[in-house]
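Since the structure comes first, as structure tokens, the remarks are kept for the end.
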Amino acid sequence: MRGVAIRPVRRMRSSPAGVSSPARIDAAKLGWVTGEVALASYAGISTLYLLYYATEVLHLPAAWAGIAMFVPRLWNILGDPFIGFLSDRTRSRFGRRRPYLLAGAVIWGAAFWLLFNLPQVEDPFARAGLFSFVFLLNNTGLTLFQVPYAAMLAEFSPDSAVRTRLAAYREVAARVAILLTLAGAPRVLARASNPAAGFGQVGTIFGAVIAVSGIIAFFATAGAPATSPSTSHGGGRLQIAPIIENRPFASITLAFLFVNLGDAVFSGSLVYYVTEVMRKSPAIIGVLYPVSSLTGIASTPLWTLAANRLGRARVCRVAFAGNALCCTLPLLFGVQQLWLMYPFMSLYGLFNTGARLLPNAMVPDTVDLDRVRTGHNREGVFFGIFVFTQQTAFAAGGFLLSLLLTLAGVGGAAHGAGRVTGILICFTVASAALYGGAFLASLFYRLHPSDLLKVPATRAA
């Protein structure tokens, strides 16, 4: 088996250490961060409105809607790691990752538009099947884009502190995109003649945002740093044994699974909490979520500074624990105390920013560990698994929420106290338990930068 060359691809002007000129790195970073606009806009719309759209506009039973959203994720058990594996081995004049960014952005944007502009189907079973099929197309485009896009983070710099700052820039872009998305989408819905027309306009607007931001990321990262494709991956097979043996990766991935489950349950139940527990218009979400986003933007530099000085793992655990405890606070709110939701969403934005930023910054460290152990550049495989975990958690979280809401009586005719209590439990206790699971999983993360020097490389650079 031949050795693996760990070096920048030919298109990048680099120093011997594999770092391109500062100007080109800055331009590539800016372009790469732009791709997060597509991901954040999609996350904002889908987690807040997709289940609500399926139950209240398509008139699917909550359990049916949850199944229709969950089934398309099953193929991603192999699909996400496989796309990462392909991007690791791809050789083209556009590099390893960028062709997937272009194809994914186009497919994903078109499918997202169609998802909210489905043709009229009378039979509810056929309607659920059509919704699920289009959601599968949406997820396919999302995978083609997101997995190679995420893997590029590990290639920008060998310095973990630099990667943490780059992950912070991406988190700021995500929060700004969510801020604009959730400030704009409720206004589009409010001005529409009916909910179906409103969601159709949302699909058109944000389908275009997804496609355009993805295409910008493709062109802008033409000069991005990148490692070379590995010359061998065990005879062309997707080997996962070294990944399974990578315990720090398993720990932080499991923790991030719980974070995304918590995000899905929290965000998906927020609209129900506001409308049925607090008895307010769903348009208030357009004010509440910007509070969270602005706090996240302001706190990102603080999380980055703390992580680089005190250690990413230690600070990450603080974020997980704070996120869990924060979610229990609405249990103390009265129906007439809407004003408490504003400091609550600010506190939630503070801890949730750290809970999302730091795991993304820690995965490249585990990729470094794998590179030292095996000699392979397998960023795509690692981030394929990481992205699969994230997206599956979103879907599973939506499915879990649909089951919890079904138990609470959502989707039925009854609107009694039991239904209100069930929604309150979903929004608070269920979310807190999932974020608490992330904290427990993170306790098993053990990786210090000095550990990379203790493991001999199996292949020379």
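What follows draws every value from the coordinates through simple rules; no lab data is involved. All values derive from a computational prediction rather than experimental measurement. Cβ sites come from the backbone with ideal geometry, for glycine too, and all protein chains shown count toward neighbours.
Some points to look at:
- Cβ-derived FRET efficiency at R0 35 Å, residue 169 paired with residue 342, nearest 0.05: 0.85
- Intensity falloff of the stretch 123-181 expressed as log10 I(q)/I(0), Debye formula with alpha-carbon point scatterers, at q = 0.23 Å⁻¹: -0.95
- Per the Kirkwood formula applied to alpha carbons, the stretch 49-165 shows a radius of gyration over Rh ratio, Rg over Rh, of 1.10.
- Rg of the Cα atoms in the stretch 350-400, relative to 2.2 N^0.38 Å, amounts to 1.37.
- Summarised as an ellipsoid, the stretch 21-85 has semi-axes of 35, 18, 5 Å, derived from the eigenvalues of the Cα gyration tensor scaled by 5 and square-rooted, with the largest first.
- For the chain, alpha-carbon Rg over 2.2 N^0.38 Å: 0.96
- Note on residue 192 and residue 121: with the Förster distance fixed at 22 Å, the Cβ-Cβ geometry gives a FRET efficiency of about 0.60.
- Between the listed residues 322, 275, 217, the Cα displaced farthest toward the positive end of the dipole of the chain, a dipole computed from Cβ unit charges relative to the Cα centre, is found at 217.
- Note on the stretch 252-399: with charges restricted to the Cβ of Lys and Arg (+1) and Asp and Glu (-1), its dipole about the Cα centre is near 220 debye.
- Restricting the calculation to alpha carbons of the stretch 270-365 gives Rg and Dmax of 15.0, 47 angstrom.
- Computed helical MRE - 222 nm, the chain, DSSP H runs ≥ 4 contributing -39500 (n - 2.57), nearest 500: -23500 deg cm²/dmol
- Charge dipole of the chain about the Cα centre (unit charges at C-beta), most positive-ward option of 196, 208, 33: 33
- Applying D = kT/(6 pi eta Rh) to the stretch 53-109, where Rh is the Kirkwood radius over alpha-carbon pairs, T corresponds to 25 °C and eta to 0.890 mPa s, the Stokes-Einstein value obtained is 178 µm²/s.
- One way to sum up the overall shape of the stretch 99-154 is the equivalent ellipsoid from its Cα gyration tensor, whose semi-axes run 28, 10, 6 Å, largest first.
- Compactness of the stretch 259-326, expressed as Rg and Dmax over alpha-carbon positions, Å: 14.9, 44
- Relative contact order, percent, the chain [alpha-carbon distance under 8 Å, six or more residues apart]: 29 percent
- Only the Cβ atoms of Lys and Arg (+1) and of Asp and Glu (-1) were treated as charged; on that basis the dipole of the stretch 263-344 about its Cα centre amounts to roughly 300 debye.
- Only Lys, Arg (+1) and Asp, Glu (-1) charged, at Cβ; the chain dipole about Cα centre in debye: 1420 debye
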